[in-house]
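The values are calculated or read from the model by the stated rules, or taken from the named source; none is laboratory data. From a predicted model like this one, the values you see are computed outputs, not experimental measurements. Reconstructed Cβ throughout: ideal geometry from the backbone, glycine too, with neighbour counts over all protein chains shown.
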Amino acid sequence: MKYYVTQLCDKGTVAVDDTILVKGAQSAAGSKMLEGFKPLFSAEAVTRLEDKGYSISGKTNVGEFGLDLVGEFSYYGENDAELKGAAASLVAGGEVKAALGVDMNGATRRAAALSGVDFLKPTYGTVSRYGVISCAASGEQVGVYAKDAENVAEIMSVIAGHDDKDGTSLPAESYEYSVNEDVSAKKVCIIKELYEKADDAQKAKVDSYAQALKANGVTVETVSSSLFEIANTAWQILMCAETCNNVSRYDGVKFGHRSSNYRNIDELYVNSRTEGFNFLTKAVILYGSDVLSKNRYKDCYDKSLRVRRVVAEGIAKLAESYDAILTPVCSKASYEAYDIHEAFGKVFDESVFTAVPNLIGTPALVSGGVQLMGKHFGESTLLSLAHSVERKGE
């Protein structure tokens, strides 16, 4: 598998997904549509890392606009028979200390789980999105891959905090990330419906993790909830609608790939987008256009916004009784190469495990091949739970 789209420094300490801008380096979000685009500035998260002495190793391969499972449909990469994410693989191999990725539909969390590294998708608005090639602005968030919770906390403490350049940035100037909270009195729940959707290997990972938490004094219980299914449906509708709107700027005139084969402005638009986008992106655009249409807006898009509130209230109620939610990240232990025409359905099915944090902006941490979801600003609790398990495994 090709890990880097552009390698910048052989001794770089942090890799950056191709959806995050690095000044002077091609930033194409895995798409032919943005081939050759070199930004004049870096993303705020990148700038903060460089100001603290971290060096950027390069831009890592991502699936076009981050819409696929783990990065398998990049215009610039070749995949092995077994699919794994580029940034996660670099961290797993010890080639970089950490990596930044944009979590929009769970691809980063799935990649971390498959490669056996940690990934934290933080609370929405705590890390600046300035300099991200945006698709679904209401749910995407810059997060961190690292080998363990301690390293995740280190990088998060650098990149998190208010940024005037980002209209969605929360007001706190900085955030503290600890791995040393006392977890002995914490309570964690396993969602029965998600557990049952996973194969035996993934169930075994959840069971093993639950036992490790119990050994540290954590109470683990199984609960039933229908929130995750409806959250996935709502998020896929909102994600597709927002992506449809955001990529409309790539028309071959102002932005993006321009076809050389056209006779009028309509053909320029159509041919440029036909050549520039892959099948999955086109499917997302068409579905997003449909749910935003006059006849479907109220039944689909507007209702999904209402579901977002219902899910947020339901998860908040669950958080009154539990400090974290333990779930699988994927339905299976590995993904094999498949035809892109199957991608829309495959991503929808797998996103049931990851959609809630994107929909309502809560944090989620992948560690040990499983996922811990928490309440808003509950990252330290998640990191401490993970650290307690990682420390026992040393």
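Data table
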item	result
Complete set of residues in the range 205-258 that are within 18 Å of VAL356 (Cα to Cα) and among the small types (Gly, Ala, Ser)	SER224, SER225, SER226, ALA231, ALA234, ALA241
Close pairs from the range 325-344: first touching a residue at least 40 places away in the same chain (Cβ under 8 Å) and within 14 Å of GLY63 (Cα to Cα), partner polar (S, T, N, Q) and assigned to a loop (DSSP other than H, G, I, E, B), Cβ under 8 Å, at least 6 apart	ALA337/ASN79; ILE340/ASN278
Count of residues meeting criterion [of a type in the set (S, T, N, Q), part of a helix (DSSP H, G or I) and in contact (Cβ under 8 Å) with a residue 40 or more places away in the chain] in the range 209-236	3
Test set (1) surrounded by 13 or more Cβ atoms within 10 Å (Cβ to Cβ); (2) farther than 20 Å from GLY368 by Cα - ARG306 fails condition number	(1)
Subset of the range 346-394 (residues that are assigned to a helix (DSSP H, G or I), farther than 13 Å from CYS330 by Cα and among the hydrophobic types (A, V, I, L, M, F, W, C))	VAL356, LEU359, ILE360, LEU382, LEU383, LEU385, ALA386, VAL389
ALA198 farther than 22 Å from ASP148 by Cα and either without any contact (Cβ under 8 Å) to a residue 12 or more places away in the chain or out of contact with any strand residue (DSSP E or B) (no Cβ under 9 Å at 6 or more places or on another chain) (or both)	no
The listed residue being buried (at least 21 other Cβ atoms within 10 Å of the Cβ), of a type in the set (A, V, I, L, M) and more than 25 Å from GLY125 (Cβ to Cβ), out of LEU40, LEU8, LEU90	LEU90
Residue in the range 126-147 that is without any contact (Cβ under 8 Å) to a residue 12 or more places away in the chain and out of contact with any strand residue (DSSP E or B) (no Cβ under 6 Å at 6 or more places or on another chain) present	no
Output for the range 94-117, where each listed residue is in contact with a Phe, Trp or Tyr (Cβ under 9 Å, 6 or more places away or on another chain), surrounded by fewer than 24 Cβ atoms within 10 Å (Cβ to Cβ) and small (Gly, Ala, Ser)	SER115
Residue in the range 283-301 that is farthest from the chain's Cα centre (by Cα), counting only those that are charged (D, E, K, R) and surrounded by 14 or more Cβ atoms within 10 Å (Cβ to Cβ)	ARG296
Residue match in the range 59-76 (condition: hydrophobic (A, V, I, L, M, F, W, C), assigned to a helix (DSSP H, G or I), under 18 Å from VAL91 (Cβ atoms) and in contact (Cβ under 8 Å) with a residue 40 or more places away in the chain)	no
Residue in the range 52-61 that is over 25 Å from HIS162 (Cα atoms), of a type outside the set (Phe, Trp, Tyr) and over 17 Å from the mean Cα position of the chain (by Cα) present	yes
Conditions (1) part of a loop (DSSP other than H, G, I, E, B); (2) in contact with a strand residue (DSSP E or B) (Cβ under 7 Å, 6 or more places away or on another chain); (3) under 30 Å from PHE37 (Cα atoms); (4) not basic (Lys, Arg): number failed by TYR175	(3)
Test: residue in the range 255-271 that is within 30 Å of ARG306 (Cβ to Cβ), of a type outside the set (Ser, Thr, Tyr) and either at pLDDT 95 or above or exposed (fewer than 15 other Cβ atoms within 10 Å of the Cβ) (or both)	no
ASN61 surrounded by 24 or more Cβ atoms within 10 Å (Cβ to Cβ) and in contact with a Lys or Arg (Cβ under 7 Å, 6 or more places away or on another chain)	yes
Members of the range 341-394 found to be in contact with a Ser or Thr (Cβ under 9 Å, 6 or more places away or on another chain) and charged (D, E, K, R), listed by number	ASP349, GLU350, LYS375, GLU379, GLU390
Which listed residue is within 14 Å of the chain's Cα centre (by Cα), under 24 Å from THR327 (Cβ atoms) and without any contact (Cβ under 8 Å) to a residue 60 or more places away in the chain, from ALA88, ALA99	ALA88
Residue in the range 64-83 that is buried (at least 24 other Cβ atoms within 10 Å of the Cβ), of a type in the set (S, T, N, Q), in contact with a strand residue (DSSP E or B) (Cβ under 9 Å, 6 or more places away or on another chain) and within 25 Å of SER178 (Cα to Cα) present	no
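Each row is one residue, and each column tells you yes or no for (1) crowded, with 22+ Cβ neighbours inside 10 Å; (2) modelled with pLDDT of 95 or more; (3) touching a Leu at 6+ places or on another chain (Cβ under 8 Å); (4) among the hydrophobic types (A, V, I, L, M, F, W, C).
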{"position": "LYS332", "(1), (2), (3), (4)": "no, no, no, no"}
{"position": "GLU342", "(1), (2), (3), (4)": "no, yes, no, no"}
{"position": "LEU365", "(1), (2), (3), (4)": "yes, yes, yes, yes"}
{"position": "VAL370", "(1), (2), (3), (4)": "yes, yes, yes, yes"}
